[in-house]
Every structure is written in structure tokens, then in C-alpha cells.
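Asks: Below is a structure I'd like to ask you about.
The values are calculated or read from the model by the stated rules, or taken from the named source; none is laboratory data. Everything numeric in this text was worked out from a predicted model, so none of it was measured. When we count neighbours, we look across all protein chains shown, and the Cβ atoms used for this are built from the backbone with ideal geometry, even at glycine.
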Amino acid sequence: MQSALKKAVGVFAAVLLMSAVAMIAVGSHWHGRLSPYSNFFTGRLGTPIILIVMGVLSFPLAMLLVPGLRRDNYRALYMFAGILSCMIACEIAAAVASFEYRHVIGAAVRSVVVRDLDGCRGTGLEFAQRTLACCGGPNGSHDYRARGLAIPPSCCPRGCQGYGAHRASCDYRLEGLFNRAMIDVGSTAIALLCIRFMGVLLVCWQAHRLATDNALIYTVNQ
């Protein structure tokens, strides 16, 4: 039983490293996708960064688990379980924040888009129109016409005269991009923290057995 449990903890060490790679990959992908539009998301880009940080910290943490497992050091295993539990708490916070942000981001994005309409050229809105194939605020290109402004070239795929402006509004595109990111980040955090929680239970079980065996050996020697 002891040998099987030890092997299970060893397998978890490998799973921990693979989950770290997944966290870094997902966090980096979405942080890179969202960063160019950060002014629209008003400080709500922290959750992909948390995922990256937790993934990076998992590598030295795994290095703490392996020697503790090889030397049957229950103190190192308990320390590992404590640190990983703190990381799980951070991942829970990231997952909750990811899903909560989805309910408030729409109004925040719309307010920034509407604010930038009057001075579109050289702003984040111009970049969004060019890269996300969108135009204007909630009413699309009509927002420019309502203000007596010419539709900027960034709204038009191949010239405003021949083909017209993009039909999608930029707040719709930006909100959709943000929501996809938060769903991916939150789902990844939840899936991996469940695996990590099972690992904490395994490690604590192994540490408890080692501590019990050591106490028994000490009692016999007395």
C-alpha cells in the first residue's frame, strides 16, 4: 500500500508539471491577445497573469516534492501540501474573478468606445477597428454619422467608398473577445485546481503515513 501510494504521488508530480505548462500556455495566449486592447478592459486583465504566475511557481514546487518523496521526508511533503493549497486558493480567486468580470465588462467597454469616438484617429479604437473588423460603438458606423463625423478608414476593409464599413460594432467584438478569454482562463483554472486538490490529498495521506511510521519506529526504539 505504501509503495502504491508513493508511486501515485510520483505520478502527481509529473501531472503537476504538465498542468503548469498548460496554465502558462493558456495564460500567455490570452494575455497576449487582450493586452493590445487593455485600455478598453479597465484593469481586468489580471486573471491570465495569475494563471501564468501559478504555472511558473509550480516548477520549483515540484522540485520540493521530488526530494521529499525520495527521502520519505514527511515535513517536506506537508510543506508542499501547504504551499500548493495556497496556490489553489489563488486559482479559485482567478476562476471566480474570470466569470464575474464577464457580467460587468460590457458596460465598461461601451463607455470607453463611446468616449473614443470623437477622437478616433490614433486611439485604441482605431486599432480595434483595424484588427477586429469592427466599426464604432453600439450603433456601429451610425455613431460617427450621428456626431457629424466622417467614417474613419480603419472602419473599411478596402475603402469606405467602394465596400462600406464593417457592420459589427467594436464594443460587441471586444466584449466577445474578453468573454472567450475569461471562459478559457476560468475553465482551465477550475479543471487544474481540481487535479491539484486531489494531489494535496494524496501528498497529505503519504506524509501522514510516513509520520505515523516514524513515530512507531521511535516508540519501538525507546
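Asks: From the list Phe41, Phe80, Phe59, Phe99, which one is in contact (Cβ under 8 Å) with a residue 24 or more places away in the chain and farther than 30 Å from Leu201 by Cβ? Can you show your working first?
Replies: Values: Phe80 fails: farther than 30 Å from Leu201 by Cβ; Phe59 fails: farther than 30 Å from Leu201 by Cβ; Phe99 fails: farther than 30 Å from Leu201 by Cβ.
Checking each option against the conditions leaves just Phe41.
Asks: Considering only residues that are surrounded by fewer than 17 Cβ atoms within 10 Å (Cβ to Cβ) and either modelled with pLDDT of 85 or more or within 16 Å of Val113 (Cα to Cα) (or both), which ones fall in the stretch 154-167?
Replies: Result: Arg167, single match.
Asks: Please identify the pairs in which a residue from the stretch 178-207 that is surrounded by 14 or more Cβ atoms within 10 Å (Cβ to Cβ) has its Cβ atom under 7 Å from the Cβ atom of a residue that is at pLDDT 95 or above and among the β-branched types (Val, Ile, Thr), counting only partners at least 6 apart or on another chain.
Replies: Correct list of pairs: Asp184/Val26; Val185/Val26; Thr188/Val26.
Asks: Looking at the stretch 68-101, which of the residues that are more than 13 Å from the chain's Cα centre (by Cα) and among the hydroxyl-bearing types (Ser, Thr, Tyr) is surrounded by the most Cβ atoms within 10 Å (Cβ to Cβ)?
Replies: So the residue we want is Tyr74.
Asks: Which of (1) surrounded by 14 or more Cβ atoms within 10 Å (Cβ to Cβ); (2) without any contact (Cβ under 8 Å) to a residue 40 or more places away in the chain; (3) not hydroxyl-bearing (Ser, Thr, Tyr) is the odd one out, the single condition Val15 does not satisfy?
Replies: (2)
Asks: Limited to the stretch 61-76, what total is found for residues that are over 30 Å from Val185 (Cβ atoms) and not charged (D, E, K, R)? Quick ask: steps written out before the conclusion?
Replies: Of the residues in the stretch 61-76, the ones over 30 Å from Val185 (Cβ atoms) are 67-76.
Okay, now just the ones that are also not charged (D, E, K, R), so 67-69, 73-74, 76.
So the count comes out to 6.
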